[in-house]
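Everything on this sheet refers to the single structure shown next.
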Amino acid sequence: MSSVKFCTRCGRDLALKVAYCDRCGAFVNQSPSSGTNRADKNFEKPKIERVLKDVLGLDGWPVAVKLLNSSSEIPSGVKEIGEFHRHCEMIQKVRRYEETFFAPPSKQRCKVAGISLGLMKPTEELREHQRQELFETRHRFKTEALLRKFLENTPTVSDRHSAVLYGPLGAFPTDPDVVVLVCDTLQAMKIIQAYQYATGKRANASMGGLFSLCADAVATPYSQGTLNIAIGCEGAREHGGLKDYELSVGFPWRMVETLTDGLISLAEHEATKEEHK
């Protein structure tokens, strides 16, 4: 927690209590949003990743996700994932092992996630499978009509895409569309407080206990441009390894400076309170 501040001129990590950088002499006690060089993306993503990890105390890495329109957008050197995986498993693969890869529709084992992310369209076969699985077998809805209502209201990416690019935020080769944090409730609280601190707005979450890490953590922030909470689902917990106390927060890339500025400011305030004690 002692090195979450950084010099916006030269990038040096600094202790929270310092007012000047000991390398370049820049004044660093200002609001991080003023006078910064955050347009330099190579400088930005690793530092933002450090803030998210250090201030929140994340167990694992912030995950960057980008929906690709065509194969020409695949960054040089990035490989296709070798195995057939679910989207929630890919999120955890990045979070735990810092891997960067892209996944076309053929590598998306969960068709529901493929639909949520705009990689494929729903088929009658899939809808019948969902009816049997969610209504007849698992009894997740009182009636078939309510199941259909839920499916119709579940957020999906409207545009068609050819692949999804996944990777750790700090080493991501391009600007992501969405950043996904797998966290606990306290860490989610801090993210929401940072959002409130910087915007004065309440966070309006759209959640379902199904299709969580795809529809809630990625499709909703992507399509609605807002922070969202994904409470998790059986698939994310059984196949993706999401623990009982974990959930996820997803937000569009364009919100990242607002959130990290809020996190830094709130952390500085808490550190000052501790010093006064």
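List of remarks:
- Peptide ranges 266-272, 207-213 listed from the most packed, as the mean C-beta count within 10 angstrom indicates: 207-213, 266-272
- Candidates per chymotrypsin sites (Phe, Trp or Tyr not before Pro) in the range 107-167, loop by DSSP, up to 16 other Cβ within 10 Å: none
- Checked against a 22 Å cut-off, the cross-linked pairs Lys45/Lys121; Lys53/Lys190; Lys45/Lys243; Lys66/Lys243 give Cα-Cα distances beyond that limit for Lys45/Lys121; Lys45/Lys243; Lys66/Lys243.
- Column: log10 I(q)/I(0), Debye, Cα scatterers of the range 31-276, q = 0.14 Å⁻¹: -0.91
- Least to most buried among Met120, Met189 (fewest other Cβ within 10 Å first): Met189, Met120
- When you filter the trypsin sites (Lys or Arg not before Pro) in the range 180-213 for DSSP loop state and at most 12 other Cβ atoms inside 10 Å of their Cβ, you are left with Lys201, Arg202.
- Protection proxy ranking of 230-236, 88-94, by the mean of other Cβ atoms within 10 Å over each peptide's residues and highest first, is 88-94, 230-236.
- Applying a DSSP loop filter and a limit of 14 other Cβ atoms within 10 Å to the trypsin sites (Lys or Arg not before Pro) in the range 145-189 leaves Arg160.
Computed from the coordinates by the stated procedures, all read-outs in this text should not be read as laboratory data. On a predicted model such as this, the values are computed, not experimentally measured, just so you know. In this analysis, Cβ positions are derived from the backbone assuming ideal geometry, glycine residues included, and neighbour counts consider all displayed protein chains.
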